[in-house]
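Novice: Here it is, the structure in full.
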Amino acid sequence: MNKKVLIVILILIGLVAITAYINRDSLKDKAAMIDNAEITIKEDGEEISKVDFQLIQGLGEEAFKANLKSSGKDAVEHQYKGVPLKAILNWGEVNLEEKKQVIIKSVDGYTVALTVEEVLEEDNIYVAYEKDGEPLGTKAEGGNGPYQIIIRKDPFSQRWAKFVVEVELR
Ligand SMILES: Nc1nc2c(c(=O)[nH]1)N[C@H]1C(S)=C(S)[C@@H](COP(=O)(O)O)O[C@H]1N2
Ligand SMILES: [Mo]
């Protein structure tokens, strides 16, 4: 009888260990997904869809370097992970060619206007969620995310919108 109880306990411990092992790689993803952060896509003021972390990441994650210039400091090169903004807009099936501007809105009210032309450039404008191997973190956590617009060709990073919640096409 005692032996049976022991075996059941050992099996349960084994299951917990296996689950922990399987989950070890997704821990970092979870940190970014924690509040299941979404970006709303709008067209001329009308919401057309919402994209969450899983969807964004699945659109073609890229690792790239960019120079971050924080206010009052020199530019520093960082390693980011994210997807091109145009990949998200293409997924939303918006007609980019008919639009002029892509307006980025953040949770703190910060607004940045991009031109469709620059959004369509290769290797320039990304929606990032990881910096130097760590999730960007929310505003409440003292981070710059969960999502941040990275414009690799913007040397002063003023237009690198932090805490992005909405992308509107006009
Ligand atoms: N949402 C949001 N994004 C923002 C800002 C802001 O106030 N809010 N400031 C901008 C400015 S002026 C700079 S220089 C860069 C870098 O900001 P940091 O100095 O906090 O790193 O973020 C830009 N993106
Ligand atoms: Mo700034």
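Novice: Once you charge only the Cβ atoms, +1 for Lys and Arg and -1 for Asp and Glu, what is the size of the charge dipole of the range 1-117 about its Cα centre, to the nearest 20 debye?
Specialist: Rounded to the nearest 20 debye, it is 880 debye.
Novice: Right, here's the next one. If you average the C-alpha positions of the range 123-141 and of the range 37-114 separately, how far apart do those two centres end up, in angstrom?
Specialist: Using only Cα atoms, the two centres lie 11 Å from each other.
Novice: Only counting other Cβ atoms within 10 Å, I'd like Leu12, Leu114, Leu136 sorted with the fewest neighbours first.
Specialist: So the ranking, lowest neighbour count to highest, is Leu12, Leu114, Leu136.
Novice: Note down the nm distance, to one decimal, between modelled labels 7 Å out along Cα→Cβ at Arg24 and at Phe64.
Specialist: 3.2
Novice: What ranking do Thr115, Thr138 get, fewest neighbouring Cβ atoms within 10 angstrom at the top?
Specialist: Fewest-to-most Cβ neighbours within 10 Å comes out as Thr115, Thr138.
Novice: Continuing with this model, one more query. If only Cα atoms are counted, what is the Rg of the range 36-119, and what is its Dmax, in Å?
Specialist: Spelled out, the Cα radius of gyration and Dmax of the range 36-119 are 14.4, 40 Å.
Novice: On full extension of the chain, what length is gained from Ser71 through Ala140, given 0.36 nm per residue of separation minus the C-alpha to C-alpha distance?
Specialist: Roughly 22.9 nm would be gained on extension.
Novice: Here's another thing I want to ask about it. Tilt of helix 2-23 relative to the longest C-alpha principal axis of the chain, in degrees (0 to 90, nearest 10)?
Specialist: 20
Novice: Mind telling me which of Val107, Val51, Val16 comes out most flexible in a GNM of the chain, alpha-carbon contacts under 10 Å?
Specialist: Val16
Novice: Under the rule of -39500 (n - 2.57) per DSSP H run of 4 or more residues, summed and divided by the residues of the chain, what mean residue ellipticity at 222 nm is obtained, to the nearest 500 deg cm²/dmol?
Specialist: -7500 deg cm²/dmol
Novice: So what does log10 I(q)/I(0) come out to for the chain at q = 0.15, 0.17 Å⁻¹, using the Debye formula with one equal point on every Cα and no solvent?
Specialist: Debye intensities relative to I(0), on a log10 scale: -0.81, -1.01.
Novice: Over the range 37-169, what is the percentage of antiparallel beta bridges among all DSSP beta bridges, to the nearest 5?
Specialist: The answer is about 90 percent antiparallel.
Novice: May I ask you to list the lysines whose Cα is less than 21 Å away from that of Lys69, ignoring any residue fewer than eight positions away on the same chain?
Specialist: Output for Lys69: Lys81, Lys105, Lys131, Lys139, Lys153, Lys162.
Novice: Then there's this: How do 67-74, 122-129 rank on mean C-beta neighbours within 10 Å, highest first?
Specialist: In descending order of packing, they fall as 122-129, 67-74.
Novice: For the residue pair Tyr110 and Asp44, what label-to-label distance in nm results when each label sits 7 Å from Cα along the Cα-to-beta-carbon direction?
Specialist: In this crude label model, Tyr110 to Asp44 measures out at 3.1 nm.
We did not get these values from a lab; they are worked out from the coordinates using the rules stated. No experiment lies behind these values; they were computed from the predicted model shown. All Cβ positions, even for glycine, are placed from backbone atoms using ideal geometry, and neighbour counts span all protein chains on display.
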